1. Taking θ as phi - 60°, what are the ³J(HN,Hα) couplings along region 80-89 by the Karplus curve (6.51, -1.76, 1.60), each to the nearest whole Hz, with x for Gly and Pro?
2. Kindly provide the GluC sites (Glu not before Pro) of region 126-188 that DSSP labels as loop, not H, G, I, E or B, and whose Cβ sees at most 11 other Cβ atoms within 10 Å.
3. Quick one: 3J(HN,Hα) in Hz for region 36-44, Karplus 6.51/-1.76/1.60 with θ = phi - 60°, rounded, Gly and Pro as x.
4. Exactly which trypsin sites (Lys or Arg not before Pro) in region 1-71 are in a DSSP loop and have at most 15 other Cβ atoms within 10 Å?
5. Sort Met151, Met1 so the one with the fewest other Cβ atoms within 10 Å of its own Cβ comes first.
6. How would you classify region 107-185 from its alpha-carbon gyration tensor, with a ≥ b ≥ c the square roots of the eigenvalues: rounded for a/c under 1.5, else prolate if a/b is greater than b/c, otherwise oblate?
7. Cross-link candidates for Lys91: which lysines have Cα within less than 21 Å, leaving aside residues fewer than 8 places away along the same chain?
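Just so it is clear, none of the values below were taken in a lab; they were calculated from the coordinates. The model shown is predicted, which means the values in this text are computed figures rather than measured ones. FYI the Cβ positions are ideal-geometry reconstructions off the backbone, even for glycines, and counts take in every protein chain you see.
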Amino acid sequence: MRYQITGKQIDIGEALQTHVKAEFGELVEKYQQRPTEAVVIFSRDAHQMVCEATLHLSTGLTAQAKAHANEIYAAFESCREKLDKQLRRYKRRLKDHHRDRATPVEFAGAPSYILATEADSGDDEPDSLQPMIIAEMETRIPALSAGEAVMQMELAHAPVLVFRNERHGGLNVVYRREDGNIGWIDPQ
């Protein structure tokens with residue numbers, strides 16, 4: 001497993017890096033997952049330390065957590081506990097579905113754009129109908145079942161997830177509704 005442990009405008013020592021690797025090693029061994037990469041970023045927010053962790057699993061799913069505390073080790077421990085809870089739920093759901101994905105999730109590439117919002121000029125009509133593109137990136141679209149897509153959306157704490165339905169190959173969307181339920185768009 002690859003580790004990327006960094007600090008934003010703070011110096012993290014060798015002892016903290018060793019501690020993070022040991023704790024993540026135990027966490028992964030506990031749930032017998034096959035992670036490919038762990039990214040941990042430490043930063044400061046006013047007087048508190050912040051730990052953001054992302055664990056990429058070989059199944060293509062990603063677990064993320066973020067925690068705040070007054071000390072850096074306490075922030076990491078809180079973040080690790082959140083990841084532990086997510087992996088526990090993830091493992092239980094896979095067992096509940098009686099399905100163990102033997103092959104990694106396949107990803108397809110798609111262009112992704114960030115569009116500039118028009119400055120409010122008092123008019124309801126924009127000057128032109130062409131939006132101004134301010135960034136262009138590559139986005140990965142996973143091939144998942146609907147249940148796995150909902151699980152991935154919850155693990156990533158995302159409001160919406162676009163995925164390729166592995167049952168029929170079409171593009172689908174799952175999203176969190178305002179009432180707290182999950183919506184699924186499956187165009188034919």
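1. The phi angles translate into 5, 5, 5, 5, 4, 5, 5, 5, 4, 5 Hz.
2. Working: sites: Glu136, Glu138, Glu148, Glu154, Glu166, Glu178; in loops: Glu166, Glu178.
Listed in order of number, the matching sites are Glu178.
3. 3J(HN,Hα) across region 36-44, in whole Hz: 9, 7, 10, 10, 10, 10, 9, 8, 10.
4. Here the sparse-neighbourhood loop sites are Lys8.
5. On the way: Met151 21, Met1 15.
Fewest-to-most ranking of Met151, Met1: Met1, Met151.
6. Numbers: a/c = 2.73, a/b = 1.76, b/c = 1.55.
Cα axes put region 107-185 in the prolate bin.
7. Lys30, Lys66, Lys82
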